[in-house]
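**Student:** Got a structure for you, questions after.
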């Protein structure tokens, strides 16, 4: 690795932003309000954790760069659609996201719903446009991660859980779907783009890595919701507790949650050992996910 | 064609229902409320016009049956998701669909939104699971038809148009997206499954056919909204007029709308002439779409 992590991050983020920018119709494309709102929801903010995972996983097994940009863009579009729908009054009723008013606050509920619907469709249009033998399987992988046994399923469990108690196993089951499935799909899509042989060789290590960072991501989110402040987070802090949502902190306590995050961090790093130097970026991303302040 | 249209319809509908039934997780799959509601939204009702178009178009150019069942199922899942979202209080606020209470009436707004989101994801999972070289392009085709320049875009235009006047050209532009895009994609997906050579040969005729029946479908819908009754339609009649939505009947009047439907019917039949006997099912479906009473 001659390139520093910082330089790789900057270059990769620029590629992701460019891919997202190109993937969305111009803001004056008819119907303009919809396209303007889609661009607002997807561009100019966001940590881009998922596309970075796609690129790092893909580069660790030699996948072609253009396919990784498209796959990373597709995963991020799914993530962005889920945020728009999550923020709606019938869901979390959030008015602030990434430091800006949420889509439904600016454009109303009905258009916000269509923004999410159209972003999801666009994700699959971008992914389907990748010219690789593995494309169809990548589509099925992302769709499964986004659907009723993945992200949308996790949100349905979350919905049913508000105000009630939840055991740690149930909480993990919810988060494996709600955030874990898409993070795992990000790692998988990157590696799948390298072709079946490279993917099958790397899959056991990458799945363990992805599951560990997937849970760590959520545990850290819950810790930050307690310890962070709205200015750094770009969203309302303390919101989960206010809404009586079960979190790792409410179930395990703050100290035990921090121990869990550290242990998952170790597990993610250990999983990458078979990859040697090729796993460097994925290791650095695990550090970023666990040690982030927002 | 040794088989009668009625027999073909019955056999094709049975194949579609079976594909839909298999495509959706069992109602007790965790999270059960989501899966129960997804099955309610997609199974046991619906005219299945889109999957029938997929199968008729595919069979006209010799596409493999299993791929047509999966593609038809995918298109119908997209259609079903759009109905669930369309019925939400922030959109059309409809309480009756296909003669039954709408999803949000039974399960609430938040879960209804997730049902739509998850049905869209499932559509692409099913489509991505087709084992054909054309699969990736079929995914991109369906996604484009569902997205911001297709169905979701048409709904955004519809949203902005309520209560305002609309010229015939603008009304057509809206319906080409809102209903036309998915009907066109149905015809295209069927033919694409036959491979690039068969698809390219048939495309000019099929696109003209699809555009004609796409518009005809909407004109007939608007006529039925005025002339039909709730019992036959399975939804509230006269609703468009009540909501001051622009319709072909409100823009052109009832007689001119009927002339337009007849003329589009003729155009659809004429477009199929190059296909000869292979176009029989598509011709019969055009008849069904224009002459239906609900």
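**Student:** Go through A:144, A:191 for me and flag whichever is within 12 Å of chain B (Cβ to nearest Cβ) and assigned to a helix (DSSP H, G or I).
**Tutor:** Details: A:191 fails: within 12 Å of chain B (Cβ to nearest Cβ).
Going through A:144, A:191 in turn, just one is within 12 Å of chain B (Cβ to nearest Cβ) and assigned to a helix (DSSP H, G or I): A:144.
**Student:** Please verify whether residue A:212 is at pLDDT 95 or above, within 12 Å of chain B (Cβ to nearest Cβ) and touching a helix residue (DSSP H, G or I) at 6+ places or on another chain (Cβ under 7 Å), treating the condition exactly as stated.
**Tutor:** Details: at pLDDT 95 or above: yes; within 12 Å of chain B (Cβ to nearest Cβ): no; touching a helix residue (DSSP H, G or I) at 6+ places or on another chain (Cβ under 7 Å): yes.
In short, no.
**Student:** Pairs, please: C-beta under 6 Å, at least 6 apart or cross-chain, first residue facing chain A (nearest Cβ under 10 Å) and in the range B:157-170, second surrounded by fewer than 15 Cβ atoms within 10 Å (Cβ to Cβ) and at pLDDT 90 or above?
**Tutor:** Close Cβ pairs (under 6 Å, with a partner that is surrounded by fewer than 15 Cβ atoms within 10 Å (Cβ to Cβ) and at pLDDT 90 or above) do not exist here.
**Student:** A further question on this structure: Pick from the range B:63-92 the residues that are under 28 Å from residue A:161 (Cβ atoms) and over 20 Å from the mean Cα position of the chain (by Cα): which of them is surrounded by the fewest Cβ atoms within 10 Å (Cβ to Cβ)?
**Tutor:** B:89
Listed here are the residues, each with its yes/no results for (1) under 30 Å from residue A:109 (Cβ atoms); (2) away from chain A (no Cβ under 14 Å); (3) without any contact (Cβ under 8 Å) to a residue 40 or more places away in the chain; (4) not in a helix (DSSP H, G or I).
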site: B:18; (1), (2), (3), (4): no, yes, no, no
site: B:26; (1), (2), (3), (4): no, no, yes, yes
site: B:34; (1), (2), (3), (4): yes, no, no, no
site: B:46; (1), (2), (3), (4): yes, yes, no, yes
site: B:59; (1), (2), (3), (4): no, yes, no, no
site: B:67; (1), (2), (3), (4): no, no, no, no
site: B:72; (1), (2), (3), (4): no, yes, no, no
site: B:84; (1), (2), (3), (4): yes, no, no, no
site: B:89; (1), (2), (3), (4): yes, no, yes, yes
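**Student:** Report whether or not residue A:152 is facing chain B (nearest Cβ under 8 Å) and part of a helix (DSSP H, G or I).
**Tutor:** Judged against the criteria, residue A:152 is a match.
**Student:** Related question: Condition first: touching a strand residue (DSSP E or B) at 6+ places or on another chain (Cβ under 8 Å) and free of Cβ contacts under 8 Å to residues at least 40 places away in the same chain. Can you find one or more residues in the range A:141-155 that meet it?
**Tutor:** no
**Student:** Now a separate question. Six or more apart or on different chains, Cβ under 6 Å: which pairs go from a residue in the range B:263-285 that's at pLDDT 95 or above to one that's buried (at least 16 other Cβ atoms within 10 Å of the Cβ) and not in a helix (DSSP H, G or I)? Could you list them?
**Tutor:** Every condition considered, the pairs that remain are B:279/B:272; B:282/B:272; B:283/B:272.
**Student:** Next question. Would a scan of the range B:104-115 turn up a residue that is in contact with a strand residue (DSSP E or B) (Cβ under 9 Å, 6 or more places away or on another chain), under 21 Å from residue B:31 (Cβ atoms) and more than 8 Å from chain A (Cβ to nearest Cβ)?
**Tutor:** Scanning the range B:104-115, I find at least one residue that is in contact with a strand residue (DSSP E or B) (Cβ under 9 Å, 6 or more places away or on another chain), under 21 Å from residue B:31 (Cβ atoms) and more than 8 Å from chain A (Cβ to nearest Cβ), so the answer is yes.
**Student:** Here is a list of conditions, (1) surrounded by fewer than 21 Cβ atoms within 10 Å (Cβ to Cβ); (2) assigned to a helix (DSSP H, G or I); (3) more than 8 Å from chain A (Cβ to nearest Cβ), and residue B:175 meets all of them except one; can you say which number that is?
**Tutor:** (1)
The values are calculated or read from the model by the stated rules, or taken from the named source; none is laboratory data. Everything quoted here is computed from the prediction, not taken from an experiment. Here the Cβ is made from the backbone with ideal geometry for all residues, glycine too, and neighbour counts use every protein chain on show.
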